Amino acid sequence: MQHGSSSEHVNITDPKALASPPIPPCVDKFYAKLPCYDFVWSGNQSRRVSDIAVCTPAVAKDVTISPLNLMGPVFFLDFSMFSFVLQLGSLATEKELKLRQAMTVMGVYDTPYWLSWLIWEGILTFVSSLFLVLFGMMFQLDFFLKNSFFVIFLLFLLFQINMISLAFMLSSFIRKSFSATTVGFLVFLIGFITQTVATGGFPYSSTHSLSRRVIWSFFPPNTFSAGLCAEENLHMACGYIFFWFVLAIYFDNIIPNASGERKTIFYFLKPSYWTGKEGNKVEEGSICSCFGSVPPIEHLTPDDQDVLEEETLVKKQAMDGTVVPNISVQIHGRAKMYPGTTKLGCCKCTKTSPFHAVKMNIAKDQLFCLLGPNGAWKKTTISCLTGINPVTGGDALIYGDSIRSSVGMSNIRKMIGVCPQIAEKLLADVKLTGTAKIRAGSYCGGMKRRLSVGIALIGDPKLVFLDEPTTGMDPITRRHVWDIIQESKKGRAIILTTHSMEEADILGDRIGIMAKGRLRCIGTSIRLKSRFGTGFITTVSFLENKNNGAGTSREPLKRFFKKHLKVEPIEEKKAFMTFVISHDKEKLLALQYRESEFGISNIQLGLATLEEVFLNIARWAELESATAEGTVVTLELESGILVEIPVGARFVGIPGTENAENPRGMMVEVYWQQDGSGLMCISGHSPEMRIPQNVSVLYEPPSQVLGVGSNEFGFRDGL
């Protein structure tokens with residue numbers, strides 16, 4: 001009889017002599033096979049190993065140090081953590097590049113988004129775990145040859161899936177890709193330390209309680225270090241996969257970030273979250289108090305009568321509580337607050353608001369063109385309406401659903417969902433059929449913009465947002481895209497932002513111009529030109545007369561316009577002259593009776609351009625802001641005098657030019673234009689001229705005029 005005296009796995013003191021029973025099917029040379037779930041590095045505390053060692057005869061064996069036993073745990077952890085770091089970086093990059101934001105706006109729900117990630121990463125995990133085990137067997141490593149293939153494969157598979165769920169959860173707190181790399185390395189470092197601790201038996205030995213093992217196993221590398229030596233480890237590994245994934249979905253919904261409106265902390269307790277109804281009810285509050293509180297909206301009386309009438313109509317409709325069938329978008333008092341610099345907890349709570357109470361309707365079957373200089377908050381308005389940026393005051397209804405309701409935004413995004421069946425037709429419409437199989441990243445700028453227009457029209461949406469769709473296109477392609485947009489008006493509402501006045505004039509059924517966060521004017525193109533233009537553009541063409549010199553009949557014509565209309569020609573060519581006159585066009589009747597005298601062939605009268613309207617509105621807003629903030633620029637006159645004037649001032653009086661013959665003094669008209677950053681700057685000024693009786697000018701105080709004596713200070717009354 002021979003008793004077990006082996007010290008290969010455990011030290012047994014004075015074992016009882018036993019007759020050697022048949023070796024159990026799961027015992028073969030000290031290695032455990034299915035279903036005992038034991039591993040070589042499981043430690044001496046395994047009861048199964050203890051039983052095997054007692055019943056197994058001693059075998060003389062040389063003591064050798066196996067590199068796999070020493071470096072195996074670290075290598076296996078490195079291999080499994082590699083995919084975790086890559087996945088965490090991919091999720092952060094997707095946020096950083098706003099790819100998920102674009103998918104959300106197009107109507108992609110959270111469920112298919114997370115399932116797509118889970119399925120893709122699950123396939124990669126399955127393949128990597130399978131190849132790891134197969135390569136281990138191929139290189140004749142004892143750990144892979146003498147343990148169950150299924151158990152080892154299950155160990156690596158469950159650990160990597162566990163790390164996938166942990167990556168989903170951590171990605172809710174990460175917005176930059178470089179931060180993801182740092183976090184991934186930190187998780188690996190902590191996992192390496194805890195694995196070293198766990199190989200010593202803590203806390204999976206029988207001396208530690210179950211609750212301690214459960215808490216310790218929350219971190220996936222800890223469960224991996226213990227292997228599957230006990231059935232409870234298998235259950236915990238599966239349970240933690242579900243736990244981290246649910247936690248990832250919860251944090252993704254309540255943490256404010258750039259993807260849109262955040263839900264409240266207890267959003268899952270609301271019936272509307274599960275039923276998808278009550279989309280017109282406004283939701284208040286979120287995890288961050290700075291974004292959850294609703295500030296009072298500053299309301300200023302509109303300067304324009306059309307804007308006032310529009311606001312009155314929207315207020316009446318809002319008070320009645322009815323949804324007008326032909327209105328697709330109704331904005332009433334929307335506002336966006338940005339955190340300031342004062343820290344309070346997790347937030348910066350000193351708030352600044354770029355918006356005032358904007359109220360307007362956008363009808364179906366129309367294209368509403370939103371214009372404004374850079375910094376007018378056009379893009380922010382579009383971002384709020386599409387749910388990219390959550391509003392913090394007011395509301396907007398899109399086909400009856402509120403943009404301040406998470407359920408409402410889900411219903412709104414259904415209207416811009418994806419319908420791949422018509423993709424080929426849209427590619428043909430935007431002239432991209434020949435390049436359909438080329439990656440979009442290799443397209444030129446114009447082709448990318450055309451592709452964006454096609455994407456916006458996918459799924460036959462009821463509401464389309466086009467943010468500068470023709471930027472970077474050549475004139476021929478731009479005209480073609482205009483035709484597509486014109487044809488797309490039927491059955492839907494389109495909101496277009498652009499810096500091209502020609503594009504707005506051609507496409508816009510109604511045009512609104514914003515400046516400094518306020519809606520300054522609204523109406524048709526003709527309406528805006530007639531109300532805010534500088535006047536009428538008069539083009540006088542001359543008869544072809546070879547006998548007359550170039551200036552024979554032109555000087556009298558110039559004197560006529562100077563005497564009767566107080567204007568000089570803005571353009572003078574051999575065949576025609578162009579004047580900009582006031583709205584009092586009746587004085588041109590006298591010119592018709594003197595056509596032969598001046599050698600005129602025809603007279604063309606047209607409205608001012610939309611660009612002039614735009615510049616007038618922008619200058620008006622800049623002057624208002626400069627007056628409130630005290631912003632001034634320096635104007636240098638021809639005489640060398642330097643004058644500090646508010647940004648946007650048009651008529652500026654020259655101090656010290658008053659006399660008995662000219663009691664009002666002299667003035668200049670200042671010309672403004674936008675610089676590269678969209679700010680108003682001086683482009684020039686007119687020659688010094690007498691101040692007409694019907695013009696109010698801006699005089700400067702003595703302290704603001706260099707090289708000129710004191711004078712009185714007055715104010716300009718308008719454009």
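The values are calculated or read from the model by the stated rules, or taken from the named source; none is laboratory data. In this text, all values refer to a predicted model and were calculated from it rather than measured experimentally. Note that each Cβ is placed from the backbone with ideal geometry, even for glycine, and that neighbours are counted across all protein chains shown.
Among the hydrophobic types (A, V, I, L, M, F, W, C) and at pLDDT below 80: is that true of Leu642 in this structure?
Details: among the hydrophobic types (A, V, I, L, M, F, W, C): yes; at pLDDT below 80: no.
Criteria not met by Leu642.
Of all the criteria given as (1) out of contact with any Gly (no Cβ under 7 Å at 6 or more places or on another chain); (2) modelled with pLDDT under 70; (3) charged (D, E, K, R), the one not satisfied by Lys448 is (2).
Going by what's in this entry, would Val481 be described as at pLDDT 80 or above, among the β-branched types (Val, Ile, Thr) and touching a Pro at 6+ places or on another chain (Cβ under 7 Å)? Yes; evaluated as a whole, the condition is true for this residue.
For the range 122-143, check the following and say yes or no: at least one residue is farther than 23 Å from Val74 by Cβ, among the hydroxyl-bearing types (Ser, Thr, Tyr) and in a helix (DSSP H, G or I). No: zero hits.
Of the candidates Glu622, Glu638, the single residue that is closer than 30 Å to Arg531 by Cα and either without any contact (Cβ under 8 Å) to a residue 60 or more places away in the chain or not β-branched (Val, Ile, Thr) (or both) is Glu622. For beta carbons closer than 6 Å, sequence separation of 6+ or different chains, a first residue in the range 568-594 that is closer than 23 Å to Val613 by Cα and a second that is modelled with pLDDT of 80 or more and of a type in the set (Gly, Ala, Ser), there are no qualifying pairs.
Do we find a residue being at pLDDT 65 or above, among the aromatic types (Phe, Trp, Tyr) and surrounded by 15 or more Cβ atoms within 10 Å (Cβ to Cβ) anywhere in the range 646-664?
We begin by selecting, within the range 646-664, every residue at pLDDT 65 or above; these are 646-664.
Pick out the ones that are also among the aromatic types (Phe, Trp, Tyr) and you get 651.
With the extra rule that they be surrounded by 15 or more Cβ atoms within 10 Å (Cβ to Cβ), the set shrinks to 651.
Yes, there is a match, as at least one residue in the range 646-664 is at pLDDT 65 or above, among the aromatic types (Phe, Trp, Tyr) and surrounded by 15 or more Cβ atoms within 10 Å (Cβ to Cβ).
Condition first: touching a helix residue (DSSP H, G or I) at 6+ places or on another chain (Cβ under 6 Å) and not in a helix (DSSP H, G or I). Now tell me which residues in the range 472-507 satisfy that. If the condition is that a residue be touching a helix residue (DSSP H, G or I) at 6+ places or on another chain (Cβ under 6 Å) and not in a helix (DSSP H, G or I), then Gly472, Met473, Thr497, Thr498 are the ones that fit.
In the range 136-180, how many residues are of a type in the set (Phe, Trp, Tyr) and within 45 Å of the chain's Cα centre (by Cα)?
6
So Gly684 clears everything in (1) in a loop (DSSP other than H, G, I, E, B); (2) touching a strand residue (DSSP E or B) at 6+ places or on another chain (Cβ under 6 Å) except one condition, right? Which one? Gly684 satisfies all of (1) in a loop (DSSP other than H, G, I, E, B); (2) touching a strand residue (DSSP E or B) at 6+ places or on another chain (Cβ under 6 Å) except (1). Here Val453 fulfils each of the conditions (1) without any contact (Cβ under 8 Å) to a residue 60 or more places away in the chain; (2) assigned to a loop (DSSP other than H, G, I, E, B) apart from (2).
Step by step: first the residues of the range 448-471, then only those that are small (Gly, Ala, Ser) and out of contact with any Cys (no Cβ under 8 Å at 6 or more places or on another chain), then the one that is farthest from Thr386 (Cα to Cα). Which residue is that? Explain how you work it out, then say what you get.
Of all residues in the range 448-471, those small (Gly, Ala, Ser) come to 452, 454, 456, 459.
The next check asks that each one be out of contact with any Cys (no Cβ under 8 Å at 6 or more places or on another chain); those that pass are 452, 454, 456.
Working: Ser452: 16, Gly454: 18, Ala456: 12 Å.
Among those that are small (Gly, Ala, Ser) and out of contact with any Cys (no Cβ under 8 Å at 6 or more places or on another chain), it is Gly454.
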